[in-house]
Every structure is written in C-alpha cells, then in structure tokens.
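First up is the structure itself, then whatever we jot down about it.
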C-alpha cells in the first residue's frame, strides 16, 4: 500500500466514523456483504469491493470496527470474522494468480 493510499484510507475512515455510529454500522455491513459477494458470485473480482482491493477493504473494515465502542459493537461481525474474510479473500487471489501463471 502506498503512502497516498494510507492517507486516503485514513481520511475515508475518519469521514465514516465522524458520520456517526449508525453510518459506521451501515458501512461495515455493506463491506461485509462485499466480502461475501467477492467470495461467492463475484468470483474473486476486486471490482466488487468497496475498498477497491482486499488489503484496503479489510484495513478500512478493521478501522471502522475498532472505532465502535466495545459495548456497542455489532454481534454479527467481530475481529475473527474480519480476519477470516481476509484469509479467504487472499487465498482466492493467490489461487487465481497461480492459474494465470500456469
């Protein structure tokens, strides 16, 4: 990730978080749906990710999740689930690169 992307992501996360907890919930839910689609019908295509690529998408998800007070965090998403999405999504990309290389 380049310095410009890190700065851009930090600004995006700040904008989301400053928009209130309801917006944070909405965005993390939307981003989770993107992960599910990427892993299913999206066939590992990063164009379906709000974050534009797996690394940025997961990073922003984590930052949004961490910004929510612990007592108010949603039950349907947690650190482990985000980490699982990251693992599965990177695995698909690795498999696609391997197929292309063959």
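Derivation of every value follows stated rules applied to the coordinates shown; laboratory data play no part. Keep in mind the model is a prediction, meaning the values are calculated, not measured. Cβ coordinates were reconstructed from backbone atoms using ideal geometry, including for glycine residues, and neighbour counts include every protein chain displayed.
So the values come out like this:
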quantity	calculated
Odd one out for residue 43 among (1) under 12 Å from the mean Cα position of the chain (by Cα); (2) closer than 22 Å to residue 96 by Cα	(1)
Any hit, the range 77-88, residues being in a loop (DSSP other than H, G, I, E, B) and touching a residue at least 24 places away in the same chain (Cβ under 8 Å)	yes
Single condition residue 74 does not satisfy, out of (1) surrounded by fewer than 18 Cβ atoms within 10 Å (Cβ to Cβ); (2) assigned to a helix (DSSP H, G or I)	(2)
Subset of the range 10-51 [surrounded by 15 or more Cβ atoms within 10 Å (Cβ to Cβ) and outside any helix (DSSP H, G or I)]	42, 44, 49, 50, 51
So residue 60, is it in contact (Cβ under 8 Å) with a residue 40 or more places away in the chain, more than 22 Å from residue 94 (Cα to Cα) and out of contact with any strand residue (DSSP E or B) (no Cβ under 7 Å at 6 or more places or on another chain)	no
